[in-house]
There are 2 protein chains.
Amino acid sequence: MIPDLPDGAVVVVFHSRRTAEDGASYAEMAERMDSLAREQPGFLGVRSVRDPHTGEGITVSYWRDDASARAWKQDAEHREAQRRGRDDWYADYSTVVAAVERHYSRSAE
Amino acid sequence: MIPDLPDGAVVVVFHSRRTAEDGASYAEMAERMDSLAREQPGFLGVRSVRDPHTGEGITVSYWRDDASARAWKQDAEHREAQRRGRDDWYADYSTVVAAVERHYSRSAE
C-alpha cells in the first residue's frame, strides 16, 4: 500500500473537505495532478481516499526527500490547481509535511 | 481539520484495505479505538476516511511526541484490535510514523 521508503523520505498529508461546487472540473484537475505528481523527480507514491458522503478526503504522498516535496509544491501547474482549490473546490484544507521515521506493512496471504 | 501541532509532534498514517468480512464487529471496534485513542496521554487529534466502494481507508493520528505514539501502539486493548485487524479485517495495511516538520491550513470564510 506504500512505496519503498528510503532513509530521508518525506510524507505529505493533505486533508481537505470539498465544497459542493463544480464536480466535473474538480475531477479533471484531480486526475491531472495525480499524473503530474507521478512525473516529478523524487516522487515515490501517492494514496488518496475521499468519503463521497461527507466530502472529506485525505491524500498522502511520499517523496525521496524534502527538496522534492518542496519542488512539487512550487510546480507552476500545481500552483494554479492550489489556487483553484482555495477559491473554488475546498471548504477547508490542511497540509502536513513530516520526516518518515519508521514504517511497517502487512499483506494477507 | 488538524489539531494544533506543537514542536516535536508526530503523525501516524495508517493505510488499510478492508476485507469483505464481518462489518458489524469491525465498525464496533473502529468506534471503540477512536474513543480509546482520544483518552491517551499525548493524543492531539485523528481524522479517518474510507471509500465505501473500494474499501481503502486512511487514518491519520497526531501525537505530542514519539513516546505517546509508541505507547498507543502498545496499549493492550489496541493490541488486541491490531491482532483482529491482521487476522480478520484487513486485506493489507501499512503504518508510517513521521516527525512533523511544517504545516499550513486554510478555512473558507
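Any read-out appearing in this document is the output of simple, stated calculations on the displayed coordinates, not a laboratory observation. Treat the numbers as computed from the prediction; the structure is a model and nothing was measured. Methodologically, a virtual Cβ is constructed for each residue, glycine included, from the backbone with ideal geometry; neighbour enumeration extends over all protein chains shown.
Computed from label points 7 Å out along Cα-Cβ, the spacing between residue A:40 and residue B:84 is 3.9 nm.
Residue A:54 label point (Cα plus 7 Å toward Cβ) to equivalent points in the other copies: 1.8 nm, shortest first. Distances between copies at residue B:75, taken between label points 7 Å from Cα along the C-beta direction, are 3.7 nm in increasing order.
List the GluC sites (Glu not before Pro) within region A:1-76 that fall in a DSSP loop (any state other than H, G, I, E or B) and whose Cβ has at most 12 other Cβ atoms within 10 Å.
Details: sites: A:21, A:28, A:31, A:39, A:56; in loops: A:21, A:39.
Listed in order of number, the matching sites are A:21, A:39.
Pairs of Cα atoms under 8 Å, at least six residues apart: use those to get the relative contact order of region B:25-99, whole percent. This gives 25 percent for region B:25-99. For the pair region A:1-77 / region B:29-99, the C-alpha centres are spaced 22 Å from each other. If R0 is 25 Å, the Cβ-Cβ spacing of residue B:107 and residue B:32 corresponds to a FRET efficiency of close to 0.25.
With viscosity set to 0.692 mPa s and temperature to 37 °C, compute the Stokes-Einstein D of region A:10-99, Rh being the Kirkwood radius across alpha carbon pairs; µm²/s, no decimals. Each step should come with its number before you reach the end.
Working: Rh = 13.4 Å.
Rounded to a whole number, D works out at 246 µm²/s.
Restricting the calculation to Cα atoms, the protein assembly as shown yields a radius of gyration followed by a Dmax of 17.0, 49 Å. Build a GNM of chain A with springs between Cα atoms under 10 Å apart, and of A:24, A:98, A:67 the one that fluctuates most is A:24.
Shown for residue A:88: label points 7 Å from Cα along the beta-carbon vector, and their distances to the equivalent points in the other copies, 4.7 nm in ascending order.
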